[in-house]
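Report on the following structure.
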Amino acid sequence: MTLQLSSPAFAPSQTIPAKYTCQGQDLSPPLEWKGVPPETKSLALIIDDPDAPDPNAPKTIWVHWILYNIPPSTQGLAEGITALPPGTLEGTNDWKRTGYGGPCPPIGTHRYFHKLYALDVVLSDLKHPTKEDLEKAMEGHVITSTEYVGTYRKS
């Protein structure tokens, strides 16, 4: 079985409900996964938006949430999770803080990539790494990965 990521809150490539955005409660969406390889020592999750600030003229990839050292026995994250699985650490998003920050596109419809990585190591405490720091630490340790995309446009 291959690593698979999904959300019961929205279908692949479909609209993320407003309650998970800046126009709602800004809750983290529920995520579920299966097919974690048996040799996995930890999981990492990055949610980002490659369409910032304008999908017709993207200039940056905006990072919404970074989690790493998720135990491989974990099968998902609950909606609006406040107590992360034991050992899970957070990175710094592009709002310069830890935690989830929901979609809030200034213009147009943006895509939000939820990327899950199975790693062959438990990473050391990287002290709230940026996406770039985490990706560098993961180099050579990714067993497999998957992604799940949702979209959002402000009403």
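Here, each number is a calculation from the coordinates, and none is a lab measurement. Please read all numbers here as calculations on a predicted model, not as lab measurements. Cβ placement follows ideal geometry from the backbone for every residue including glycine, while neighbour counts extend to all protein chains displayed.
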At most 14 other Cβ within 10 Å, DSSP loop - chymotrypsin sites (Phe, Trp or Tyr not before Pro), region 79-153: W95
Partners for K19 among lysines (Cα-Cα distance below 24 Å; same-chain residues under 8 apart left out): K96, K115, K154
Cut-off under 5 Å, modelled amide H: who pairs with T92 long-range: T130
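How big is the equivalent ellipsoid of region 4-152 along its three axes, where each semi-axis is √(5λ) from the Cα gyration tensor, reported in whole Å from largest to smallest? Display every interim value, and only then the final one.
Details: eigenvalues 114, 55, 41 Å².
Its equivalent ellipsoid spans semi-axes of 24, 17, 14 Å.
What ranking do K19, K59 get, fewest neighbouring Cβ atoms within 10 angstrom at the top?
Placing the least packed residue first, the sequence is K59, K19.
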Extended-chain gain in nm, criterion 0.36 nm per residue less alpha-carbon gap, R97 and R111: 2.9 nm
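Between the DSSP loop rule and a limit of at most 11 other Cβ atoms within 10 Å, which GluC sites (Glu not before Pro) in region 29-99 are left? It would help to have the intermediate numbers written out before the result.
On the way: sites: E32, E39, E79, E90; in loops: E39, E79.
Answer by residue number: E39.
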Length added when fully stretched, T82-H128, from 0.36 nm per residue minus Cα-Cα: 14.9 nm
Qualifying GluC sites (Glu not before Pro) in region 103-155, DSSP loop, other Cβ atoms within 10 Å at most 11: E139
Theoretical gain in end-to-end length, T144 to V121 [0.36 nm per residue, Cα-Cα removed]: 7.0 nm
Relative contact order (%) - region 4-152, alpha-carbon pairs under 8 angstrom, separation at least six: 30
Amide H contacts under 5 Å for I81, placed H, 5+ residues apart: S28
Distance from region 48-101 to region 1-44 (C-alpha centre basis), Å: 11
Vicinal HN-Hα couplings computed from phi for region 132-137 (Karplus, 6.51 cos²θ - 1.76 cosθ + 1.60; Hz; Gly/Pro x): 4, 4, 5, 4, 5, 5
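Using the Cα centre as the reference, give the magnitude of the dipole from point charges on the C-beta atoms of the chain (Lys, Arg: +1; Asp, Glu: -1; all else neutral), rounded to the nearest 20 debye.
300
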